[in-house]
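First comes the structure, then the notes that go with it.
The values are calculated or read from the model by the stated rules, or taken from the named source; none is laboratory data. Note that the coordinates shown come from a computational prediction; the quantities given were computed from them, not determined experimentally. Neighbour counts are summed over all protein chains in view; Cβ atoms, including those assigned to glycine, are modelled from backbone coordinates with ideal geometry. Note: areas computed on protein heavy atoms with side chains; ligands, DNA, RNA excluded. Shrake-Rupley method; radii C 1.70, N 1.55, O 1.52, S 1.80 Å.
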Amino acid sequence: MRRYYLLLLSIVTAMLTPVQQAEAQTLNPASLMQEGSSGSFNPHRNDTTNKNKEVPKGIYVWTVDRRFGDIIKAEVDTMPHLYPQSTLPMGHHMEYNTIGNNYAARQNRIFIDRKEKQQFAFTDVYSQIFRQPDEWHFTNTLSPITNLAYDNCGDKLNGEDHIDAKFAVNANKQLGIGMDLNYAYGRGYYQNQSTSHFGASFYISYMGDRYQMHALYSTHHEKTTENGGITNDDYITHSERFSESYSSNEIPTILQYHWNRNDNDRFFLTHRYNVGFYRKVKMTDEEIEAKKFAMASAEQNKKDSLNAENQNQPTETAALKDSLATDSTAMFMKDEYVPVTSFIHTAELGSYERRYLAYQTPDNFFANTYYNKYDGDYGGDSIRDDTKYFGLRNTVAVALLEGFNKYVPAGLKVFASHEMRRFQLPVVGADSTAWLEGEGFSEHSISIGGQLQKTMGRTLHYNLLAEAWIAGEDAGQMKLEGSTDLNFAFMGDTVRLAAKAYMHRLNPTFYERKFHSKHLWWDNDLDKEMRTRIEGDFVYEKTKTRLRVAIEEIQNYTYYGMNYQRVGEKNTMLTAAVRQHSSNLNVMTAQLDQKLKLGPLHWDNIVTYQLSSDNDVLPLPSLNVFSNLYFQFMVAGVLRVELGAAATWFTNYKAPDFCPTLNQYAVQENPDARMEIGNFPFVDAYANLHLKHARFFLLMQNALADNFKSQYFLVPHYPMNASVLHMGISWNFFN
């Protein structure tokens, strides 16, 4: 404990020393196209002696639409609020169920926030460290930026360590490049629970007037040790029943020497060519300031070259003074390129491999065995299940941009996509005992569609999308989506009313239709899943209020189910399979997000009510509450401090169990051993600080666990860590 406080004290002491660099700023794209730095104009900021050289600081970040590559503005991840929670598997608002160890498999308890299934389902559960292309931040910077982040807890026996290094730089005004190296390792506070994830990503963007491009390459290696949960929940819930006390790493677990391993490489490219025209427009305030700075710097350099002895004296020519006296001259006008039509191509390529390994499996643990690989070390109770997936999707589109076609007042896109998928699964030899290297399965699909979109203006926006699959494996699949928002003034502030709706008719993913392994095997003929959702969103900024209401109807809901028998402290005869609920399934959700403030005291709350028409098929907690109570204040005008506690609580429900053999969450189907979780307050007490370019924290996770050992489970038979102290730091460097 003492080493954390000494480390934190040394960090604060070092950063409280005078720093000449200004705070990093979030800039608009236009401001990044000018030389120099944003901020108040000062003609003496340039120093050719480099003794007091100021590095310009500024960054603009955005994400791109996965289908068309449209730019979507994002927030710079430099603010400290909820930074401690972002390092934990429960998520920013503690909304995820997880099997305990950090960086392990997790699932969102809030149904409307669950993401659409990917073809390679085995990586979906690692959303804490695995990001899709449309979640990636591209960057444009005024100077090279490096971010180093580190967080950890525990010690060499049971602790967790996470290090992340990001780098971003611009070669010129249009070309930006960057990378992200991420390593997360959790030893685990329970037996056979370690996790190890390594990811490396490299990206490049080019934002020219006519040609624009975004490319991303990522490679990941994920390895988790699977313990199947503890053998007896009483070790946690009723520890008084045992004559001896057990620490968490002494509690026996169901499995040992079982692993899930995933390796994948992904490449994403979206680029477009714009046809349009140039027009003269006035510079923004930031651009004017940047140009004034550049002009003053040039004038100062000219004076310095003539008279080195007087290089620090202010100089301004008559021309410079005249140019600074007005903002309306041609000097502060610029050429702006206005695209009218865009030709778009997007390609997404992925190569994935998943391997389930086991060297010791308990007797009668699985109900079925479909093959025995008798050679090498994989005979008897050993398992080696391999599957591979290769996918390539190409989309071409033509876009008529908004505001430049009298026949189409909104933006219009038409597009066509082709997807090729190839899978490899184990097959059984002729003698039904040998495991062969694998059988390939190929699928193709073709779709066409269009989008109508209005983004200009402040009052009304809308987005309509339609896509239909006309050939291939997914023929008959369909997506209809629509969203709109209306913004208007009310009592001195803006009210935002938004609505979203969709109707999806989707073919179940390949692994839902077909899966081969040593102990689980199916070749399903499944109907298409039909989903219809209507969602309303009310936002009033003045009172920091947001209300979401959603109703969804699902036909042929497709999910995983798992069943086993409990004999003493052993699980036996385990089976798991894909289920399809043919009747209609209805889900209603109402969520209130309310932020309150009284001086330095802040109280943020998110209350979610969910109602599932069939909790045996789709179990959900009826009520989920997230609450964050904290003091926020400044020290010496430079150190921002948040002291408080974040908590979550939800009602009892029969939450999905975790099936290591599938690396998926599955509904509990064993009627005699179904476990309820919930009705326990998970509380994280924290000190969260932000100084100059650094943010750092101390957090006590699950602070009430030692006092209320009744139900600190988020997944059946997988207890969360008891009270654990975490610390972390994230530091930005401008070169």
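Across region 571-686, the mean sequence separation of Cα contacts (distance under 8 Å, 6 or more residues apart), normalised by length, yields a relative contact order of 19 percent. The amide H of Val340, built 1.01 Å from its N in the peptide plane, has Val275, Gly276, Phe277 as neighbours under 5 Å, considering only residues 5 or more places off or on other chains. Cross-link partners for Lys282 among the aspartates and glutamates, with Cα-Cα distance under 20 Å and sequence neighbours closer than 8 places in the same chain left out: Glu35, Asp209, Asp322, Asp327, Asp335, Glu336.
Carbon-plus-sulfur accessible fraction, region 535-623 (probe radius 1.4 Å, protein heavy atoms only): 58%.
When the residues Asp672, Asp164 are ordered by accessible surface, computed with a 1.4 Å probe over the protein chains alone, the sequence from largest down reads Asp672, Asp164. Residue ranking by accessible heavy-atom surface, 1.4 Å probe, largest first, among Ser442, Ser483 comes out as Ser442, Ser483.
The listed peptides 605-612, 239-246, ordered by packing as a protection proxy, come out as 605-612, 239-246 (highest mean of other Cβ atoms within 10 Å first). Only Cα pairs under 8 Å and 6+ residues apart enter the sum, and on that basis the relative contact order of region 66-156 stands at 18 percent. Per residue, region 513-588 exposes 46 Å² of solvent-accessible protein surface, assessed with a 1.4 angstrom probe and all protein chains in place.
When Arg106, Arg279 are compared by accessible area at a 1.4 angstrom probe, the order from most to least is Arg279, Arg106. Could you grab the relative contact order for region 474-625? Cα pairs under 8 Å, six or more apart, rounded to a whole percent. Here the relative contact order equals 16 percent. Counting only aspartates and glutamates at least 8 places from Lys518 when in the same chain, those with an alpha carbon closer than 16 Å to its own are Asp363, Asp375, Asp377, Asp381, Asp385, Asp386, Asp431, Glu437, Glu439. Under 5 Å between amide hydrogens, which residues at least 5 positions from Asn192 or on another chain qualify, with H placed 1.01 Å from N in the peptide plane? Result for Asn192 returns nothing. The heavy atoms of Asp151 present about 10 square angstrom of accessible area, all protein chains included, probe 1.4 Å. Accessible area per residue was computed with a 1.4 Å probe on protein heavy atoms; Thr651 scores about 30 Å².
Hey, got a sec? Which chymotrypsin sites (Phe, Trp or Tyr not before Pro) in region 618-724 land in a DSSP loop and have at most 12 other Cβ atoms within 10 Å? Passing both the DSSP loop test and the Cβ count: Phe708. Counting only protein heavy atoms, what percent of the accessible surface of region 176-260 is carbon or sulfur at a 1.4 Å probe? Using a 1.4 Å probe with all protein chains present, region 176-260 comes out at 50 percent carbon and sulfur. Mind running the shape call on region 480-534? Use the C-alpha gyration tensor, a ≥ b ≥ c as the square roots of the eigenvalues: rounded below 1.5 for a/c, prolate if a/b tops b/c, oblate otherwise. Here region 480-534 falls in the prolate category. For region 184-202, the residues whose backbone nitrogen is under 18 Å from a point 7 Å from the Cα of Asn249, taken along Cα to Cβ, are 185-196. With the highest mean first, a sort of the peptides 187-193, 346-352 on other beta-carbon atoms found within 10 angstrom per residue produces 187-193, 346-352. Note on region 526-574: the alpha carbon radius of gyration divided by the globular reference 2.2 N^0.38 Å gives 2.15. Looking at this model, which pairs from Lys73/Lys413; Lys57/Lys166; Lys292/Lys334 are more than 18 angstrom apart at the alpha-carbon? Too far apart for the 18 Å limit: Lys73/Lys413. Annotation: per residue accessible area for region 674-735 equals 29 Å², rounded to a whole number [probe 1.4 Å, protein chains only]. With all protein chains kept in place, the per residue accessible area of region 75-206 amounts to 36 square angstrom at a probe of 1.4 angstrom. Length gained on full extension, Ala501 to Arg458: 13.3 nm, using 0.36 nm per residue less the C-alpha separation. Put a dot 7 Å past the Cα of Asp155, heading toward its Cβ, do the same for Met333, and the two dots end up 7.3 nm apart. Applying both filters, DSSP loop and at most 14 other Cβ atoms within 10 Å, to the GluC sites (Glu not before Pro) of region 587-681 eliminates every site.
Note on Leu400: accessible area approximately 50 square angstrom, rounded to 10, probe 1.4 Å, nucleic acids and ligands left out.
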